[in-house]
1. Test Thr387 against the stated conditions and say whether it is of a type in the set (Ser, Thr, Tyr), over 21 Å from Val339 (Cβ atoms) and modelled with pLDDT of 95 or more.
2. Of these, Lys33, Lys37, which one is part of a helix (DSSP H, G or I) and touching a Ser or Thr at 6+ places or on another chain (Cβ under 7 Å)?
3. Restricting to the stretch 1-29, and then to whatever is in a strand (DSSP E or B) and within 18 Å of Val148 (Cβ to Cβ), can you tell me which residue is farthest from the ligand (Cβ to nearest atom)?
4. Tell me, please, whether a residue that is assigned by TED's automatic domain parsing to the domain that holds Pro51, touching a helix residue (DSSP H, G or I) at 6+ places or on another chain (Cβ under 8 Å) and surrounded by 21 or more Cβ atoms within 10 Å (Cβ to Cβ) can be found in the stretch 209-232.
5. When residues of the stretch 252-293 are filtered for being closer than 26 Å to Gln325 by Cα and touching a helix residue (DSSP H, G or I) at 6+ places or on another chain (Cβ under 8 Å), how many remain?
6. Could you list all residues from the stretch 117-135 that are part of a helix (DSSP H, G or I) and of a type in the set (S, T, N, Q)?
7. Filter the stretch 73-84 for residues that are surrounded by fewer than 21 Cβ atoms within 10 Å (Cβ to Cβ) and either of a type in the set (Asp, Glu) or touching a helix residue (DSSP H, G or I) at 6+ places or on another chain (Cβ under 6 Å) (or both) and give the result.
8. Just give me the residues in the stretch 302-328 being crowded, with 24+ Cβ neighbours inside 10 Å and within 16 Å of the ligand (Cβ to nearest atom), in sequence order.
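The values are calculated or read from the model by the stated rules, or taken from the named source; none is laboratory data. Just so we're clear, the structure is a prediction, and the values are computed from it rather than from any experiment. A quick note on method: Cβ atoms are made from the backbone with ideal geometry, for glycine too, and the neighbour counts reach across all protein chains shown.
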Amino acid sequence: MSKNICVVGTGYVGLIAAVGLADFGNQVIAVDKNAGKIKMLQAGKSPIYEPGLSDYLQRNLEAGRLAFTTDTALAIRESDVVFIAVGTPEGFDGQPNMNHVTEVVHSIADNLDSYKVIVIKSTVPVGTNRRIEKYLKTRCSEQEFDVVSNPEFLREGSSVQDFFHPDRTVIGHSSERAKQVMFEVYRALNLISVPFLWCSLETAELIKYASNAFLATKITYINQMANLAEEVGADIHQVAGAMGMDGRISAKFLHPGPGYGGSCFPKDTKAIVATGDQYGVDMSLIREVVEANEKQKKRVVSRLEEKLDSLAGKTVAILGLAFKQRTDDVRESPSITIVNELIFRDAQVKAHDPEAMDNFKKHFPYIDYCENWEEAVKDAHVLIIATEWNEYRSLDPRKMRETMKGNLICDTRNLLDPRPFMDMGFDYMGTGRPFINSKQLSEIRTVV
Ligand SMILES: NC(=O)c1ccc[n+]([C@@H]2O[C@H](COP(=O)([O-])OP(=O)(O)OC[C@H]3O[C@@H](n4cnc5c(N)ncnc54)[C@H](O)[C@@H]3O)[C@@H](O)[C@H]2O)c1
């Protein structure tokens, strides 16, 4: 049986959940305190870029299964299930800032007028769900309710696909009644045999942090191996490829680059370290990962500086500002660190991204934003590729040679086949591959 659902927060997680749950046939009302966002959504326009999202948004609005409001109280009262999907950004002590979650929980307490299941989708420190349950029991002792932990694992850039085909759905609960409600909410996923893990509230919370910290560690591991490969003359792609063939390791998340970013890994790794500290448990491995990732982001510019002696007065084109391809999200993007380091060294920055320039402008309003890659590389001494957007795979080496002032390419994602660029006289600096300059290459060819 379909449910009346309220989703509080229409960011990357809440909006996808609202649209997806409506598509399952539920009646969904999504709330945000940002009136501008709600106005856009009511008009069928998505405030964020995610492939496929606009179609699902319009379809469910037209079908009358989805509505948007800024009225949290009304939305809560009209619903059987309330999802909390508000932001939990990094707080000052490593733990997330819980102000948004707290605000929503207070609204729920004020409007709990019938049995409801309160589902925490936001990533929250272990113990939070139990605390919310205790708080509501004290505030609303007359009213029946259940608290459920349902952490989100979607990846920005493919979040719509991930919502409809997750690897698994984790549901922490402490009542059979809540389990039955969640089973109904996600019936469509059960029909396509998505594995469901039913567990305690604390286990669900820790699964989320343990997963993100593991992925961040895997990225950092391959980044450090890549740094070593550069020095010893090995090719990290062959190393990673062979490692990935081992079923115990798997090939995923073994792509070297300029360090991880985004709204999750940076803050979630810090949060699990802080939770370890709180319980007196050694989280030194994750602490190292956090530090190593910061160094990896800064390393991009220090490597350039080593090659060029000084970046002062040089024009640097940066392609890719989002923390990964297929998203407009720049939160904790390595490009923020890279641009910051460039400006600090007095370089002129020209930038392009297919989707993320508006968000990047909030951090750096005064760099030169370009319409396309051609405009960005014009007159540049150096090109940095910082995000693995597909459109940067087909850069034209001839055109670049004609318009660039310098000949250095720093391909942090190893996106390009270096050969045609080196044939045109470019020096190529990848990640985890030895630096090759075009002069060296012609000498090698002459010898061969
Ligand atoms: N973005 C991801 O890829 C991702 C993946 C998995 C989990 N998560 C987790 O999901 C949560 C949400 O992340 P996000 O990226 O969607 O955040 P976001 O910042 O994109 O969106 C949060 C939204 O909540 C709204 N909001 C804040 N307080 C509110 C309130 N009191 N009432 C109504 N609306 C309110 C904000 O206006 C904003 O639109 C976080 O805890 C995050 O860690 C994110």
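1. Details: of a type in the set (Ser, Thr, Tyr): yes; over 21 Å from Val339 (Cβ atoms): no; modelled with pLDDT of 95 or more: yes.
No: the conditions fail for Thr387.
2. Values: Lys33 fails: part of a helix (DSSP H, G or I).
Of the residues listed, the single one that is part of a helix (DSSP H, G or I) and touching a Ser or Thr at 6+ places or on another chain (Cβ under 7 Å) is Lys37.
3. The extreme case among them is Asn4.
4. Step one: list which residues in the stretch 209-232 are assigned by TED's automatic domain parsing to the domain that holds Pro51, which gives none.
No, there is no match, as no residue in the stretch 209-232 is assigned by TED's automatic domain parsing to the domain that holds Pro51, touching a helix residue (DSSP H, G or I) at 6+ places or on another chain (Cβ under 8 Å) and surrounded by 21 or more Cβ atoms within 10 Å (Cβ to Cβ).
5. So in the stretch 252-293, the residues closer than 26 Å to Gln325 by Cα come out as 252-271, 286, 289-293.
Okay, now just the ones that are also touching a helix residue (DSSP H, G or I) at 6+ places or on another chain (Cβ under 8 Å), so 252-261, 263-266, 268-271, 286, 289-290, 292-293.
Count: 23.
6. If the condition is that a residue be part of a helix (DSSP H, G or I) and of a type in the set (S, T, N, Q), then Thr128, Asn129 are the ones that fit.
7. Of all residues in the stretch 73-84, those surrounded by fewer than 21 Cβ atoms within 10 Å (Cβ to Cβ) come to 73-74, 77-78, 80.
The answer is Ala73, Arg77, Glu78, Asp80.
8. Going through the stretch 302-328, the residues crowded, with 24+ Cβ neighbours inside 10 Å turn out to be 316-323, 327.
Answer for the stretch 302-328, where residues must be crowded, with 24+ Cβ neighbours inside 10 Å and within 16 Å of the ligand (Cβ to nearest atom): Ala322, Phe323, Thr327.
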